[in-house]
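Written out below as structure tokens is the structure these notes cover.
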Amino acid sequence: MPSVCGGDLHFGEVTNPARPREVVGRFARSGRAEVELAVAAGKQAFPAWRDLGAGKRAKCMRAAAEVADGLVDDLASLLTAEVGKTLGESRGDAGGAARLLREFADLASAADRETDLSSDPASYAATDVLVRRVALGPVVVISPWNTPIHLAFNAIAPNLIAGNTVVVKPPEVAPLALTALVAALAAVLPEGVLTVVPGEGAVAGAALTSHPDIRGVFFTGGISTGREVLKSASETIKKVAMELGGNDAAVVLDSAVINEDMVRELVVGSMGCAGQICFNVKRIYVHRKHFDAFVELFVDLAGHIVVGEGTDASVDIGPLATEEGRNRAVRLIEQARAAGADVRVAGTYADSARVDEGHYVLPTIITGIAPDDELILTEQFCPVIPIIAFDSDDDAIAAANGTEFGLASSVWSTDVEHAMRVARQIESGSTFINVHRLGASVSSTPFGGVKHSGLGRTHGEYSLLSCTEEHAIVRFADPARDLPGIARWNHLRSSSSTS
Ligand code: TXE
């Protein structure tokens, strides 16, 4: 049964961020009954899926990738209708499913790896030491609304090749494309291996993260929700991997050269997807000697950004996904302005933008802002960027490290040694040099957050570490001879034995 629904379901509505009065679809508000069905299906399917072996699992995943490829355009239209982002951004999101299914199918040998450590001198005189990578069981993948498909498959794909069965909980803000895709792929996988439970996070999500038969939780979303998920999963000590919010700092050093190409990269890195990407640039620190020139060039380049409906090919960024997100953006701007900051609005609206209806915010650049302003200390998730001057590397590093976040960061300079020296001192899961946007987190490097920005790492074999456990099998030729440790109490004899 691909998508799990049953009982007397209620339904939620999904509206178009560009035209909020337009309902673009509905989703089932699944409850405990639907969760039980999905988890039971995953539990029942698990042993056969695990024992199929990674090679055959990879074959199934490649067949699913073929199906996903054929759905990209339809899924992209749905994503733009429910998230608001441009069709180009939506195609990148939808295309992530097939890419990730293939990428992890290619890691089949790593997924079922057995490592023989017998020859390792550190393993005492053990005769046989075998370390197996074993599957967890049924797991839940909980996805956010900004890139629901890509971020879901960033966890679905490694779990499938690892031998786990997966229950997916799409975001209630943008459930349609992910639900449709998972249902389509579930039909080409063995029953119960992949299921989807649409619904509210606090209901269906919480029922899944607390379910005793769920052995792993893979969550992407906000920090506050991440705390709730951790609490819910703690009761049954599940394996938990989380990618949470980011508040990424970009640090432009005095050894940087300020030119159009470099500043354009930072405009893209901060304004892409209307600022709604976890590892977008969220704060820019510029050495004072470059500050004025940098800000002028940034405002000038951002001035060319066109804002409108995501289906409009002339548009660079769409509306924000939710009314709450737009209201937050407006509040942050007005709060900074009231505190005396300098606020510059850039960009233009396309004719397609129904400004009085849609959740639109134009790119906004804020300078002269207090270092403890909410816009600096929290994740704004909108096209509003603070730019702050600094005088010394130590000041910039302290400011960059001065929040609870630590997802990614970047350092900008033509002096690589200088950039690397500063990068080594920044507390984040990734630090990019002279780049900071989607695509920079290459799949061969671990990606994830430190501090409150997450737990665990994704990409390649790093993902497999979260989706499996290690099982060590150890045999000694003669433990009496080979092992240090407590006495053997050789006086112990069975009463029938003769002395
Ligand atoms: O995340 P939520 P949202 C950040 C960003 C954004 C904030 C909120 O700052 O403003 O998170 O975004 C499910 N138990 N990021 O609303 O609320 C929920 O249904 C189990 C960064 O998307 O955390 C949805 O499927 N699940 C992030 C998912 O959690 C629960 C990308 C995310 O919802 C739940 C997106 C519960 N109690 C937002 N409550 C990134 N790192 O990319 C909610 N959910």
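The values are calculated or read from the model by the stated rules, or taken from the named source; none is laboratory data. These figures come from a predicted structure and were not determined experimentally. Neighbour counts are summed over all protein chains in view; Cβ atoms, including those assigned to glycine, are modelled from backbone coordinates with ideal geometry.
Considering 457, 437, the condition of being within 18 Å of residue 280 (Cβ to Cβ) and crowded, with 18+ Cβ neighbours inside 10 Å is satisfied by 437 alone.
Here residue 119 clears all of (1) of a type outside the set (D, E, K, R); (2) part of a loop (DSSP other than H, G, I, E, B); (3) in contact with a helix residue (DSSP H, G or I) (Cβ under 6 Å, 6 or more places away or on another chain); (4) farther than 30 Å from residue 320 by Cβ except the condition numbered (3).
Number of residues in segment 260-296 that are closer than 21 Å to residue 396 by Cα, more than 16 Å from the ligand (Cβ to nearest atom) and out of contact with any Leu (no Cβ under 7 Å at 6 or more places or on another chain) equals 14.
Here residue 88 does not fit the description of being of a type outside the set (Ser, Thr, Tyr) and within 16 Å of the ligand (Cβ to nearest atom). Against the list (1) free of Cβ contacts under 8 Å to residues at least 24 places away in the same chain; (2) touching a Gly at 6+ places or on another chain (Cβ under 6 Å); (3) of a type in the set (A, V, I, L, M, F, W, C), the condition residue 450 fails is (1). Residues that are among the β-branched types (Val, Ile, Thr) and more than 26 Å from the chain's Cα centre (by Cα) within segment 366-393 comprise 366, 367, 369, 388, listed in sequence order.
Inspection of segment 459-477 identifies at least one residue that is among the basic types (Lys, Arg) and either touching a Cys at 6+ places or on another chain (Cβ under 6 Å) or more than 16 Å from the ligand (Cβ to nearest atom) (or both). Being surrounded by fewer than 18 Cβ atoms within 10 Å (Cβ to Cβ) and under 23 Å from residue 151 (Cβ atoms): is that true of residue 407 here? It is false that residue 407 is surrounded by fewer than 18 Cβ atoms within 10 Å (Cβ to Cβ) and under 23 Å from residue 151 (Cβ atoms). Within segment 372-430, the set of residues being closer than 14 Å to residue 332 by Cβ and of a type in the set (Ser, Thr, Tyr) comprises 378 only.
Remark: pairs (first residue in segment 263-291, closer than 16 Å to residue 83 by Cα and of a type outside the set (Val, Ile, Thr); second residue buried (at least 23 other Cβ atoms within 10 Å of the Cβ) and at pLDDT below 95; Cβ separation under 9 Å; 6+ apart in sequence or on different chains) are absent. For residue 255, the conditions (1) crowded, with 24+ Cβ neighbours inside 10 Å; (2) over 27 Å from residue 332 (Cβ atoms); (3) of a type in the set (Ser, Thr, Tyr) all hold with the exception of (1).
A quick yes/no check of all residues on (1) over 20 Å from the mean Cα position of the chain (by Cα); (2) modelled with pLDDT under 95; (3) surrounded by fewer than 24 Cβ atoms within 10 Å (Cβ to Cβ):
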| residue | (1), (2), (3) |
| --- | --- |
| 124 | yes, yes, yes |
| 152 | no, no, no |
| 161 | no, no, no |
| 169 | no, no, no |
| 175 | no, no, no |
| 208 | no, no, no |
| 212 | yes, no, yes |
| 216 | no, no, no |
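Counting residues in segment 61-72 that are under 18 Å from residue 137 (Cα atoms) and at pLDDT 95 or above gives one or more. Counting residues in segment 223-239 that are away from the ligand (no atom under 12 Å from the Cβ) and in contact with a helix residue (DSSP H, G or I) (Cβ under 7 Å, 6 or more places away or on another chain) gives one or more. When segment 375-406 is examined, which residues are found to be closer than 12 Å to residue 283 by Cβ and within 14 Å of the ligand (Cβ to nearest atom)? Hits for segment 375-406 are 375, 377, 378, 379, 380, 384, 403, 405. Within segment 289-300, can one find any residue that is in contact with a strand residue (DSSP E or B) (Cβ under 9 Å, 6 or more places away or on another chain), more than 30 Å from residue 159 (Cβ to Cβ) and of a type in the set (Val, Ile, Thr)? Yes, some residue in segment 289-300 is in contact with a strand residue (DSSP E or B) (Cβ under 9 Å, 6 or more places away or on another chain), more than 30 Å from residue 159 (Cβ to Cβ) and of a type in the set (Val, Ile, Thr).
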